[in-house]
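The structure appears right after this line, and notes come after that.
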Amino acid sequence: MRDRRGWALAVPTPRRRPDLPTPSLLVPFEDALAGAGDLMRALAGRDRVRLAVTGLSRAGKTVFLTSLVANLLAAGQGARTLPALEAAAGGRLRRVRLVPAETQATPRFDATGHLLALAADPPRWPARTDDLSTLELALELEPRTMLGQARAAFAGPRRVTLELLDYPGEWLLDLPMLGQSWPDWSRATLARLRRGKRAEAAAGFLGFVDALPAKAPAEEAIARQGFALYREALLTCRDRLGFRFLQPGRVLNPGPRGDAPLLWFFPLPHPEGGPLADLMARRHAAYLEDARAGFFDPFFRRFHRQAVLVDALGALHAGEEAFDDTAEALAAVSGSLRGGLGLLDLLTGQGVRRVGFAATKADHVPARARESLVGLLGDLVGRDPAGPLDAATSVHAIAAIRCTEDAVATLEGRPFAAVRGVLLDGGRSATVYAGEVPPRRPAPDFWEHAFFEMPVFQPPRLVGDGAAGIPHLGLDALLAALIGDLL
Ligand code: GDP
């Protein structure tokens, strides 16, 4: 474990536990340098806004980023594709362009390739992306102030560089782990795994750890078998049952650094005392240290704004247990991201940043249900619209690519608000009533009659290969909430 003095410099009243990994001593100085760089750039009319985008698996992150890039580029050409963002920028947006690649070590988000898929005949959804990637857009704006106008006269228009950071939602779920000790994590994770369908999926693993003696030896064969069974249980929970609250994230999504022994830990019924428990505790600590050094410090700490995408409709569709699991994952994540004394503050040592939570694929339901969807997501992330507002957190229902129009379906002679679009499978047009969206977290009896349909719609045919923008729902309002104040 590294020296902790650096942390004390960064955060005056740390609530850290002694068993948590700590950031490097250099981090506060690096942050100060980054902050000074940001200030210098702002003074020179060259601001940099770092927007991180993540989503719990299959939330629609690739589609979101592709649409965001296409619509911003189109807005820079004068198309009215993002009215709420334009309004937030006071109509001063003049030009948008992709910043060409330089010597970056991080993979680049392939917006052009994804747009080609959407522009194909028939249109295809872009292939999903798994890893961390980045992309920069340069936004040129008319200056806001007299001083800005004077500066623009000799230094050119104000330019805001929007740096997009795209990372897997699985890694976001490591964030709450940073606030837990090894025994706490172990107990909580095991308790979750023993519930409902998860227990069936993890039967092999649970049988294995329950049969271990309290002070099991740290034998390589035992540790390997335990981890293999744990990983298998996590993968089954994610891929077959649609669960999201699965940790640690790099086991499910190893990223560019691949597999390594520090990932090979698993929860134990007796997490304290005994050689195997000690080995697991050391790997757990090393994992968190590595997550901090490899991801949270270099990337996560430096972002200014965060979009968290959630397929809340898909979770409703997946049934009660998967829905509750998504709710739990979101509560853990939003608790860590929110302002006040959130873990994010402890990580960054800086004030509240803006976080936008968005329920994606909202074009599966008609207008009124989309309002319910906002209420439902707000409930899940603990943002009570009727209570005191947390200005740094906003909640949205969006469709990054709108594939449907609102319509009316007739079921057993009764009209229902529905949507109409082309189904990907078969390419025929259909009116779909997806089901009722509860305006808040549903009571248990909701599931007795729950019905939810989530067909895959074909993306719309793009005009001019997307150069004129891509139809969406609410993307502009989300962007306005996240970065509007900085333009
Ligand atoms: P990722 O795994 O989070 O990157 O998810 P993707 O962005 O690849 O999206 C997964 C799938 O969700 C896509 O292939 C689409 O079928 C669907 N999808 C994503 N966004 C939308 C949307 O705005 N509207 C509709 N109708 N479907 C969407």
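Listed peptides 450-456, 131-137, 375-381, 204-210 appear in the order 375-381, 131-137, 204-210, 450-456 once ranked by packing, highest mean of other Cβ atoms within 10 Å at the front.
Subtracting the Cα-Cα distance of GLU371 and ASP259 from their residue separation scaled by 0.36 nm leaves 36.1 nm. Cα centroid separation, the stretch 123-144 to the stretch 170-213: 36 Å. Here r is the Cβ-Cβ distance between ALA188 and ASP278 and R0 is 22 Å; the resulting FRET efficiency, rounded to 0.05, is 0.65.
Grab the beta carbon distance between ARG428 and GLU321, set R0 = 25 Å, and tell me the FRET efficiency rounded to 0.05. Could the numbers behind the result be given before it?
Numbers: r = 33 Å, r/R0 = 1.32.
Rounded to the nearest 0.05, the efficiency is 0.15.
Here the label points at LEU98 and ASP485, each 7 Å from Cα along the C-beta direction, are separated by 3.1 nm in the simple model.
Under 9 Å from the Cβ of ILE483, count the other residues' Cβ atoms, weight Lys and Arg +1, Asp and Glu -1, and hand me the total.
Details: positive: ARG305, ARG354; negative: ASP485.
Its environment carries a net charge of +1.
Between ARG354 and GLN306, the built amide H atoms are under 5 Å apart, and every one of these is 5 or more places off in sequence or on another chain. Derived value for the stretch 387-487: Kirkwood hydrodynamic radius 16.7 Å. Basis is the mean of 1/r over every pair of different alpha-carbon atoms.
Here is the tail figure for the stretch 405-448: Cα pairs spaced more than 17 Å apart come to 49 percent of all pairs.
Just the accessible area per residue of the stretch 405-448, please: how many Å² with a 1.4 Å probe? Display every interim value, and only then the final one.
Working: 2920 Å² over 44 residues.
On a per-residue basis, the stretch 405-448 sits at 66 Å².
Element breakdown for the stretch 405-448 at a 1.4 angstrom probe: carbon and sulfur atoms account for 50% of the accessible area. Of the accessible area of the stretch 182-294, computed with a 1.4 Å probe over protein heavy atoms only, carbon and sulfur atoms account for 56 percent.
Under the convention that each Lys and Arg Cβ holds +1 and each Asp and Glu Cβ holds -1, the size of the dipole of the stretch 405-448 around its Cα centre is about 100 debye. Under 5 Å from the amide H of HIS396 lie the amide H atoms of PHE357, ALA358, ALA359, each residue being 5 or more positions distant or on a separate chain, with H modelled from the backbone and absent for Pro and chain starts. Computed over the stretch 125-278, the convex hull of the alpha-carbon atoms projects to a mean area of 13.9 nm².
The Cβ shell under 12 Å around TRP125 holds other residues with a net charge of +4, Lys and Arg each +1, Asp and Glu each -1.
What does the accessible area per residue of the stretch 182-294 come to in Å², with a 1.4 Å probe and no ligands, DNA or RNA counted? List each step's numbers first, then the result.
Values: 4690 Å² over 113 residues.
Spelled out: the 1.4 Å probe surface of the stretch 182-294, per residue, equals 42 Å².
The values are calculated or read from the model by the stated rules, or taken from the named source; none is laboratory data. Just so we're clear, the structure is a prediction, and the values are computed from it rather than from any experiment. Cβ atoms come from the backbone with ideal geometry, glycine included; neighbour counts cover every protein chain shown. SASA here: full protein model, heavy atoms, side chains in, ligands and nucleic acids out. Shrake-Rupley method; radii C 1.70, N 1.55, O 1.52, S 1.80 Å.
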